[in-house]
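For reference, the structure is listed below as structure tokens.
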Amino acid sequence: MTRRSFALPVGFAAAALSALLAAAPALAAKDTLTLGMVLEPPSLDPTAGAASAIREVTYANIYEGLVRIDAKGDVKPALAQSWTVSPDGKVYTFKLTDKAKFHDGAPFDCSVVKFSYERAVAPDSTNAQKALFAPIEKTECPDPATAVVTLKYPAANFLFNMGWGDAVMISPATAAGNKTNPVGTGPFKFKTWAKGDRVELARNPDYWGTPAKLSAVTFRFMSDPSAATAAMLAGDIDAFPLFPAAEAVAQLKANPKLTVKIGVTQGKTVMSLNNARKPFDDVRVRRALAHAIDRKQLLDAIYSGYGQVIGSHYSPNDPGFVDLSNTYPYDPEKAKALLKEAGIAPGTEITITLPPPAYARRGGEVIAAFLQQVGINAKLVPVEFAQWLDQVFKRSEFDATIISHTEARDIEIYARDKYYFNYANADFKLLYKAYTEATDHEKRIELAQKMQRKLAEDEPNVFLFLLPKIGVWNAKVQGLWDNVPIPANDLTAVSWAD
Amino acid sequence: MSATDAPKPARPRWTRKWTGMSASFAVGLALTLFFAGMAALSLVWTPYNPIGLDILNKLKGPTLAHPLGTDAFGRDVLSMIMTGARNSILVALVAVVVGAGGGVPLGALAAARGGWIDNLVMRSTDLAFAFPALLTAVIITAIAGPGAVNAMIAIGIFNIPVFARLTRGSAMSLWKREYVMAARCAGRGDVAITLDHILPNLMAVLIVQATIQFALAIVAEAGLSYVGLGTQPPMPSWGKMLNDAQTYIFQAPYLAIFPGLAITLSVLGLNLLGDGLRDLLDPRIRRER
Amino acid sequence: MIAWLGGRLVTLIVTTLAASVLVFFVLEILPGDPAQLILGVNAREDTLAALRAQLGLDQPILWRYVSWIGRFFTGDFGISYTYSVPVRELIAERLTVSLPLALMAIGLSTAIAIPVGVYSAYRRGRFADVATMGVAQVGVSIPNFWLGLLFILVFAVGLGWFPASGFAGWGGGLWPGLRSLILPALALALPQAAILARVTRSSVLETLGEDYVRTARAKGLTQRAALWRHAVPNALIPVVTIIGLQFSFLLAGTIIIENVFTLPGLGRLIFQAIAQRDLIVVESLVTLLAFAVILVNFLVDLVYAAIDPRLRIAT
């Protein structure tokens, strides 16, 4: 066979193939959205699992609570259209909407509120955030459209907490099946779930409030960063609100069809230190570690420079934020001096336990190199998340670990008697107690700032950075959140331009 | 080409065979020595510190300063590949030693004693073969934690049945030979016969198999490291380099080339070496071919 | 014959049982609590206990094994801890990816390897033979996950002909689904084809030297006719064995390839289930895979008997 006669069929086949592959469906006026997510939710019931992915599919879309958190992190009315709080901060009276219905037609009224809240604290409850409901003494229904919730003690964050995905309203008839067949009161109804691949929702035509503009939504799960990049570039995915490939952002920004929005998350990423273990019980050592790490370069290496350096356990879009990121500037000499002062000999070995997320595994490599510079040999021990929970979180058997605390406004963990990093500081506990009991806004802000400063001073953990929120979507898509005050992909107001 | 074409009279078979074999054997030996040399060199010298970060110079393509480029942390890819060779060889070596150390005695025992012992050993190897090797390695490393040492053990365990079966099969036929029977009649024990007559005669077969298992172990280690269960950072490993490369496949495609090339060439070298050794060491097989 | 079949069947069941015991008790050593993984770091002790009770994890281990294996043989594999759906459904869903992938890979590798191997044997010693066997030697040495990566680099990133990864699903018709399986299937198939081609070649060469082929030639059959009618069918016996062995290799091979291409198949299910401590899924799946391998080996033996008349008579 000659070269020429061979080339022809191949060329033809290639042309036919590319014609076939290029034949995408013609685009009509679009009112559907395909949204990319890194992790698949293990279930679709936010009242029986902690995974953020559950909320990223269901929050505000399928389920609603009495109140909701909006894009700015503020508490807004949802199924409760208004409320009043008694002067002692202990009795909340919610005025409920009387139009809402569950997707199966069951009505929403005060009995549902009572059921949902009582179910969350029942002995057989599997609510991952049972503590949120701990202040509730009782829920009463003077009439179907009024819910009166009485607390055992005033709780400053109570309304905000009732806006979490864990506190959504669940119908008694369908509660048991919500993991696989979620039924809520939201503007979208559950359609199908192809495990390992996608979840599809459709607009709820009988929605009680402002109907959604999108007629259908598909959530697709893609854990591989390069696959996510390819899918965005190819237009297979319309929006990737938590885009996993920071290294591809420059390329995506250059594409006029795409919008890239860098926002902030609640992901306070820290190198947690076991404060009960030597040498981390010595504040000089903890400060030395903070001085030893160039957090700007760390972000450059693992997030292409996106993300925000932090100096305390507080997100910049929460009330009362103070920028303390320069408390311990990168200064290896100072770090060495502090270590020497604390009696740490060069060559001392510490272990850093690394859970699976990339910020930990890759960040660990960078941090180990920085620590090497100041004479500390960091041994990296990668573990699965199950093992991390068991060994680090539950049994506190670790020197140091890298983890992102993604829960909103969780400075409270430093006030706990027993928490995995063993900070247990009496002064901080007093500060926190005063904060929760304060009812005056100014006072609360002042105390929030004091708490942040106290943590920066003690540096119980090396505060590293806030996970970047890299949102990438089709330039015509509007209405997605820029920031992540709580884990959610609120699609109620999303639409296509033109 | 036409169907009636008879094969052309070629050079005498033996020359063709000899030159062909020695060529592949030579290439195999050269490749193997090349990687072994690279690994040895990395003990004393690499162009850069293979674990030293240089974030300002990250993701630079191949240049004179960095002939194979730099990775996402600015590490020199050439230095990493050199150190990775050491890691691959070490893991594979231990895995083969574990496999042969466990499998050869078991196989020899089964062949010498026969009966229920033989049955037990053979059924156990059946069972071991029923689990896809990689799957089991995944489970073992999940239980024991990821890491080079556990990867060695996981891969090594899978070599045990391979060596056990080979040893048993070859030893069985040896036990039927006259000189073994004679030794037995002379009152020598199983152990003594195995050590004096059986194992020395198995050496050739075992060495060839060990070479092949060595190559497989290198691939297995790379595979485990690729999925994050093998060698852990900061120690460079070829498989992990490929995994990192996939993250940057749009930004730095060259990262995906060199570690894969290193795996392929070292495995190719060992395979060729194994083929060559088979022909050199085992006259029986050579005659049959 | 029937006694032989019965014996093989008993071995099949006993080996599967042994495998299930091994898998179950080994996995129970895994550190980590499924309940804590589901409920996260803020879960309280009483909540964890409630979930463990719900999942049946508070039962004694022996009892859990017995009730699991008892139902296993009826085809009921229990309920997944994380997904709360029957494990059987999960597996069935993932099989729609893994099975076509493995079949495509084995089909491709056989379709490539047998003609190449036969041709190579036919042209023994010539350039075509030396060249193909050289390529095969390299092919044997390429790890399939690197080949997959190279395919992504060339055909997805470079040319944009195929998706870089992910599975389009069968919902949108046959083509989108097949299209996302082509590169992974090729990456799996080519190294296997290299092995198979070498086996085919040497096996055909061996039979070409046998008396019956010489007789056929003496009867006046052309070289080619003798090759196809006599040598190849007889040479297929070892080839079938290798294909059978490759099937079990492919089942495991898909684990890594599914990771390379992020396909939602059985391999990723296993990885995910191990990470999430969804032990019942891992246990059922691994036992099932072991069973499949044992079954395939059993079938290979049957095919042996069918292909080789001598074996049929002997047994």
Exercise for the section: Look at segment C:226-262 and say how many of its residues are farther than 26 Å from C:L30 by Cα and outside any helix (DSSP H, G or I). Expected result: 1
Practice task
Look at C:T110 and say whether it is under 17 Å from the mean Cα position of the chain (by Cα), more than 11 Å from every other protein chain (Cβ to nearest Cβ) and of a type in the set (S, T, N, Q).
Solution key: yes
Problem - C:T207 vs. criteria in a helix (DSSP H, G or I) and closer than 18 Å to C:V303 by Cβ - result: yes
Completion exercise
Within segment A:216-228, of all residues that are surrounded by fewer than 24 Cβ atoms within 10 Å (Cβ to Cβ) and part of a loop (DSSP other than H, G, I, E, B), the one farthest from the chain's Cα centre (by Cα) is A:D224
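Just to verify a result, which residue in segment A:233-261, among those that are within 11 Å of chain C (Cβ to nearest Cβ) and within 22 Å of A:P468 (Cα to Cα), is surrounded by the most Cβ atoms within 10 Å (Cβ to Cβ)?
Keep residues of segment A:233-261 that are within 11 Å of chain C (Cβ to nearest Cβ), which gives A:233-234, A:236-237.
Filter once more, so that each one left must be within 22 Å of A:P468 (Cα to Cα): A:233, A:237.
Details: A:L233: 20, A:I237: 26.
Here the answer is A:I237.
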Problem - Tabulated pairs, segment A:362-389, first assigned by TED's automatic domain parsing to the domain that holds A:K334 and within 16 Å of A:A290 (Cβ to Cβ), second at pLDDT 90 or above and not hydrophobic (A, V, I, L, M, F, W, C), C-beta under 6 angstrom, 6+ apart or interchain - result: A:Q373/A:P332; A:V374/A:P332; A:V374/A:K336; A:G375/A:P346; A:I376/A:T348
Practice task
May I ask you to list pairs of residues, at least six apart or on different chains, whose Cβ atoms are under 9 Å apart, with the first in segment A:175-195 being more than 16 Å from A:G49 (Cβ to Cβ) and at the interface with chain C (Cβ under 9 Å from one of its Cβ atoms) and the second being assigned to a loop (DSSP other than H, G, I, E, B) and not small (G, A, S)?
Solution key: A:A194/C:P264
Exercise for the section: Go over the candidates A:I376, A:I352, A:I402, A:I344 one by one and state the one that is farther than 25 Å from A:I302 by Cβ and among the hydrophobic types (A, V, I, L, M, F, W, C). Expected result: A:I344
Practice task
State all residues of segment C:36-47 that are surrounded by fewer than 21 Cβ atoms within 10 Å (Cβ to Cβ) and either among the basic types (K, R) or more than 19 Å from A:P41 (Cα to Cα) (or both); if no residue qualifies, say none.
Solution key: C:R44, C:E45, C:D46
Exercise for the section: Select, from C:A43, C:A50, the only residue that is facing another protein chain (nearest Cβ under 9 Å), more than 34 Å from the chain's Cα centre (by Cα) and not in a helix (DSSP H, G or I). Expected result: C:A43
Fill in the blank from the handout: Over segment A:459-493, the set of residues out of contact with any helix residue (DSSP H, G or I) (no Cβ under 6 Å at 6 or more places or on another chain) and more than 21 Å from A:K253 (Cβ to Cβ) is A:P460, A:N461, A:F463, A:P485, A:I486, A:D490, A:L491, A:T492, A:A493
Exercise for the section: Report, by residue number, each residue of segment A:382-404 that is of a type in the set (S, T, Y), in contact with a helix residue (DSSP H, G or I) (Cβ under 8 Å, 6 or more places away or on another chain) and either more than 12 Å from chain C (Cβ to nearest Cβ) or not in a strand (DSSP E or B) (or both). Expected result: A:T401
Completion exercise
Subset of segment C:174-206, residues modelled with pLDDT under 85 and within 14 Å of chain B (Cβ to nearest Cβ), comes to C:E206
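Per-residue answers, yes or no, for (1) at pLDDT 90 or above; (2) part of a loop (DSSP other than H, G, I, E, B); (3) farther than 21 Å from C:G134 by Cα; (4) aliphatic (A, V, I, L, M):
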{"position": "B:S2", "(1), (2), (3), (4)": "no, yes, yes, no"}
{"position": "B:A6", "(1), (2), (3), (4)": "no, yes, yes, yes"}
{"position": "B:K17", "(1), (2), (3), (4)": "no, no, no, no"}
{"position": "B:G28", "(1), (2), (3), (4)": "yes, no, no, no"}
{"position": "B:L41", "(1), (2), (3), (4)": "yes, no, yes, yes"}
{"position": "B:P47", "(1), (2), (3), (4)": "yes, yes, yes, no"}
{"position": "B:I51", "(1), (2), (3), (4)": "no, yes, yes, yes"}
{"position": "B:P62", "(1), (2), (3), (4)": "yes, yes, yes, no"}
Practice task
Filter segment B:236-261 for residues that are of a type in the set (F, W, Y) and outside any helix (DSSP H, G or I) and give the result.
Solution key: B:Y248, B:F250
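Looking at C:V87, C:V116, C:V66, can you tell me which residue is more than 10 Å from chain A (Cβ to nearest Cβ), closer than 27 Å to C:I242 by Cα and either modelled with pLDDT of 90 or more or touching a Phe, Trp or Tyr at 6+ places or on another chain (Cβ under 9 Å) (or both)?
C:V116
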Handout entry: Long-range neighbours under 9 Å by Cβ, at least six apart or interchain, first residue farther than 30 Å from C:Q137 by Cα within segment C:200-218, second charged (D, E, K, R)
Key = C:A216/C:R229
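The values are calculated or read from the model by the stated rules, or taken from the named source; none is laboratory data. Note that the structure is a prediction, hence the values are computed from the model and not measured. Reconstructed Cβ throughout: ideal geometry from the backbone, glycine too, with neighbour counts over all protein chains shown.
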